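What follows is a short report on a single structure.
Bear in mind these aren't lab numbers, they're just calculated from the coordinates by the rules spelled out. These figures come from a predicted structure and were not determined experimentally. With ideal geometry, Cβ positions are generated from the backbone for all residues, glycine too; neighbour counts draw on all protein chains shown.
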Amino acid sequence: MNVIIKDDNPVHQNLIKDFLIQMKLMMNIEFNIYILENKDEILNINQTSNNTINIIDIIDENDPTTTGVDIAEEIRAINIYAPIIFLTSHDEYLQEAVNMQIRPHAYINKLDPDMETKLHAVFAKILHEQDQNEQQIRLSFTNENGDIIYLLLSDIFMICTSLDKQKYLTVETYDKSYIVKGLLHQYADKYPNIKQANKSTLVNKTKIQKIIKSNNPKNKKIILDIKNNRSTPPCIITRTFRNNFQSL
């Protein structure tokens, strides 16, 4: 997940950044923090990742030609569901944002003594919504016979590169395996709960029963809450991808 801070005031930039760092520890979540002034950079991150929260000051005193509302409109054109939080030190500018019908998750006054509490509440709401929405996502796969298979993301435990066939994957659910066409990178970094454990395996974090030591001291092993006595490929977390599972 990415969080973008767009604010022309260095004091507010650092205040919000420090708060976000604290919140990462409090909520036990991982995300990248970007402080950006350039509109194109902001839009590029929103274009390349559908999991970006935008904290935008409505008025940029360094660039009176482009407002935060203008940038929010362009973000909405890229991703209509992108979370947007508007900041301002001037409540009179909020009406412009309301009239443009951007429908952000919140309007927060930077001078509000409860700003951090309100930001925390908004983040908790956004993360809950993302988790709920993700559970309803239905993915389509093509099997060996050319038939289309639809699986709910919430039913997928693990996606692995096939050992037997090039450009094929094994999708593991609670009680069944599916051999489907595809490449692992098509599903990596697309959904918050689907994390890469090693170069050939993606895991649904919500299906992890526990993480234990592996035979290799550099790695760890994931135990999935899968149907008893069902044989599945071993799920190993290698050192490169360990940060994906730090919160567990």
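Rounded to the nearest 5, what is the percent of antiparallel bridges among the DSSP beta bridges in the chain?
Percentage antiparallel, nearest 5: 65.
Could you please rank I179, I223, placing first whichever residue has the fewest other Cβ atoms within 10 Å of its Cβ?
Taking fewest neighbouring Cβ atoms as first place, the list is I223, I179.
With label points built 7 Å along Cα→Cβ from the Cα atoms of I212 and L15, find their separation and express it in nm.
For I212 paired with L15, the spin-label model returns 5.0 nm.
Can you give the Rg to Rh ratio for region 123-168, taking only C-alpha atoms and Rh from Kirkwood?
1.14
Which ordering of I29, I236 is given by a fewest-first count of other beta-carbon atoms within 10 Å?
Fewest-to-most Cβ neighbours within 10 Å comes out as I29, I236.
Counting only Cα atoms, I'd like the Rg/Rh figure for region 119-237, Kirkwood definition for Rh.
Rg/Rh: 0.99.
Stokes-Einstein diffusion coefficient for region 2-135 at 4 °C in a medium of 1.567 mPa s, Rh from the Kirkwood formula over Cα pairs: what value in µm²/s?
Using the Kirkwood radius from Cα pairs, D works out to 87 µm²/s.
I need the phi-derived Karplus couplings for region 72-79: 6.51 cos²θ - 1.76 cosθ + 1.60, θ = phi - 60°, integer Hz, Gly and Pro marked x.
Those phi angles translate into 4, 4, 6, 5, 4, 5, 7, 9 Hz.
Under 5 Å between amide hydrogens, which residues at least 5 positions from I149 or on another chain qualify, with H placed 1.01 Å from N in the peptide plane?
F141, T142, N143
In Å and from the alpha-carbon atoms only, list the Rg and Dmax of the chain.
Taking only Cα atoms of the chain, I get Rg and Dmax of 21.0, 65 Å.
Going toward the positive end of the dipole of the chain, with +1 on Lys and Arg Cβ and -1 on Asp and Glu Cβ, which of S177, I42, I55 do you reach last?
Result: S177, furthest along the dipole toward the positive end.
Taking the simple approach of a point 7 Å from Cα along Cα-to-Cβ for both I149 and A188, what is their distance in nm?
The modelled label-to-label distance comes out at 2.2 nm.
Using the Cα centre of the chain as origin and beta-carbon charges of +1 (Lys, Arg) and -1 (Asp, Glu), tell me which of L163, F19, I211 is placed farthest towards the positive end of the dipole.
It is L163, whose Cα lies furthest towards the positive end.
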